[in-house]
Amino acid sequence: MKRILALSFTIALAWTAEDPATLWTTKVQPLLSERCIQCHGPEKSKGKLRLDSREAMLKGGRELGPVIVADKPETSPLLKVCTLPRDQELAMPPEGKGKPLSAEELGWLKAWLVGGAPMPAATK
């Protein structure tokens, strides 16, 4: 399993030539806004988890604690819940709430995490 994750991180980095901060602005933030913020944002925060700021992601929610672990991206719960089989309780998005993230979308997320999960000051 660790080899698969390591290989997937290598592939994720190869998928994008963008630096991690640009990747946040162009891919990851729009992805979270479109697919996650309706349940994990300022108006609704299921599991007491918000994904609309770095501070909120580092604080985490009730079930998972911090969801980004920048120095160990392979352990980041944000990534793990997006790759769980759909029938597991914490799989995101939940069954019936949207399609799973594509390999390309997971690649953006992985590359951003591997790059330290930077966000511009306005979203910190």
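The values are calculated or read from the model by the stated rules, or taken from the named source; none is laboratory data. Note that the coordinates shown come from a computational prediction; the quantities given were computed from them, not determined experimentally. Positions of Cβ are backbone-derived with ideal geometry, glycine not excepted, and every protein chain shown enters the neighbour counts.
Take the range 56-68 and flag every residue that is touching a residue at least 12 places away in the same chain (Cβ under 8 Å) and more than 17 Å from Trp108 (Cβ to Cβ).
So in the range 56-68, the residues touching a residue at least 12 places away in the same chain (Cβ under 8 Å) come out as 57, 60-65, 67-68.
Across the range 56-68, the qualifying residues are Gly60, Gly61, Arg62, Glu63, Leu64, Gly65.
Among the residues making up the range 66-124, those that are touching a Pro at 6+ places or on another chain (Cβ under 6 Å) and assigned to a helix (DSSP H, G or I) are Trp112, Leu113, Val114. Of everything in the range 67-79 that's buried (at least 17 other Cβ atoms within 10 Å of the Cβ) and not aliphatic (A, V, I, L, M), which residue is nearest to Ser45 (Cα to Cα)? So, considering only residues that are buried (at least 17 other Cβ atoms within 10 Å of the Cβ) and not aliphatic (A, V, I, L, M), the one nearest to Ser45 (Cα to Cα) is Pro77.
I'd like to verify a number: residues in the range 30-55 that are touching a helix residue (DSSP H, G or I) at 6+ places or on another chain (Cβ under 7 Å), of a type outside the set (Gly, Ala, Ser), touching a residue at least 40 places away in the same chain (Cβ under 8 Å) and closer than 20 Å to Ala121 by Cβ, how many? Working first, answer last.
First, pick out the residues of the range 30-55 that are touching a helix residue (DSSP H, G or I) at 6+ places or on another chain (Cβ under 7 Å): 31, 39-40, 50-51, 53-54.
Restricting the remaining residues to those that are of a type outside the set (Gly, Ala, Ser) gives 31, 39-40, 50-51, 54.
Now drop any that are not touching a residue at least 40 places away in the same chain (Cβ under 8 Å), which leaves 31, 39, 54.
From the residues that got through so far, the ones that are closer than 20 Å to Ala121 by Cβ too are 54.
Number satisfying all stated conditions: 1.
Hey, does the range 1-10 have a residue that's modelled with pLDDT of 85 or more, more than 23 Å from Pro120 (Cα to Cα), more than 15 Å from the chain's Cα centre (by Cα) and surrounded by fewer than 18 Cβ atoms within 10 Å (Cβ to Cβ)? No, the range 1-10 contains no residue that is modelled with pLDDT of 85 or more, more than 23 Å from Pro120 (Cα to Cα), more than 15 Å from the chain's Cα centre (by Cα) and surrounded by fewer than 18 Cβ atoms within 10 Å (Cβ to Cβ).
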